[in-house]
1. Of the conditions (1) loosely packed, with under 15 Cβ neighbours inside 10 Å; (2) small (G, A, S); (3) part of a helix (DSSP H, G or I), G80 satisfies every one except a single condition; which number is it?
2. If you scan segment 41-65, which residues turn out to be free of Cβ contacts under 8 Å to residues at least 24 places away in the same chain and among the basic types (K, R)?
3. Right, A136: exposed (fewer than 12 other Cβ atoms within 10 Å of the Cβ), assigned to a helix (DSSP H, G or I) and modelled with pLDDT of 75 or more or not?
4. Of the residues that make up segment 101-112, is at least one in contact with a Leu (Cβ under 6 Å, 6 or more places away or on another chain), of a type in the set (D, E, K, R), touching a residue at least 12 places away in the same chain (Cβ under 8 Å) and part of a helix (DSSP H, G or I)?
5. From the list L116, L38, L31, L122, pick out the single residue that is within 30 Å of V146 (Cα to Cα), under 37 Å from the mean Cα position of the chain (by Cα) and either acidic (D, E) or assigned to a helix (DSSP H, G or I) (or both).
Amino acid sequence: MIKRILNIISAAIHEGLDQIEDPKMMLNHTLRNMEDELSKARHAIVKQQAIAASYEKSLDEAQALEDKRRRQAEQAFNAGAEDLARKALSEMKHYEARAQYYDEQAELAYGQVRELKEQGVLLERRYEELKDKKQALIARANVAQVKERIVTALHSIDTDSFCREFQRLENRILEKEIRAKAGTSFATDEMCYARVEYADEVEKELERMRKEKIS
């Protein structure tokens, strides 16, 4: 029973976080199930221990009666009462068989107790591991869900349209940059041309300004 529960729990944990709609709820539910199974396992161990103890008690009682009937048979035989000795020996054999049966059953019951304890320890270890991993698993599930939403969103976006729009914007900016650069070059060339064209008149004005300064 416990092994089956462990297999089910292990399969649920490793099923895949993409299958979990509410990881916190699923993990809490799993933990509660494991707590219930731990409680059942502890109860089964106690019950099996009681059964083993009962067989052991019956074994002690059967062995005591076997010894008692053996002594009675010896006493009757020594007293010459063979019929009574025969009856005592018959009962002795009965209790001897019962003692053997109880011994076998007690050994089997204690073996089952050991097995249940081992499986209970394994279940409890898995339970503690899951408790320790609970927050980490929830975090991983949340990250996986966010990534899945992002991928879904990206797939729903027409990336080609966005790329074309950005290309048009880049082309417009480039055109503005070219026009601005061309305008600056034109203004500079125009100023240079003006300086050459009016060079003579500029010199005349400078000469006039010099004469006025001397006079």
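The values are calculated or read from the model by the stated rules, or taken from the named source; none is laboratory data. Everything numeric here is computed off the predicted structure, so don't read it as measured data. Because the Cβ atoms are built from the backbone with ideal geometry, glycine has one as well, and the counts that use them run over all protein chains shown.
1. Against the list (1) loosely packed, with under 15 Cβ neighbours inside 10 Å; (2) small (G, A, S); (3) part of a helix (DSSP H, G or I), G80 comes up short only on (3).
2. First, the residues of segment 41-65 that are free of Cβ contacts under 8 Å to residues at least 24 places away in the same chain: 43, 46-47, 50, 53-54, 57, 60-61, 64.
If the condition is that a residue be free of Cβ contacts under 8 Å to residues at least 24 places away in the same chain and among the basic types (K, R), then K47, K57 are the ones that fit.
3. Answer is yes for this residue.
4. yes
5. Of L116, L38, L31, L122, the one residue that is within 30 Å of V146 (Cα to Cα), under 37 Å from the mean Cα position of the chain (by Cα) and either acidic (D, E) or assigned to a helix (DSSP H, G or I) (or both) is L31.
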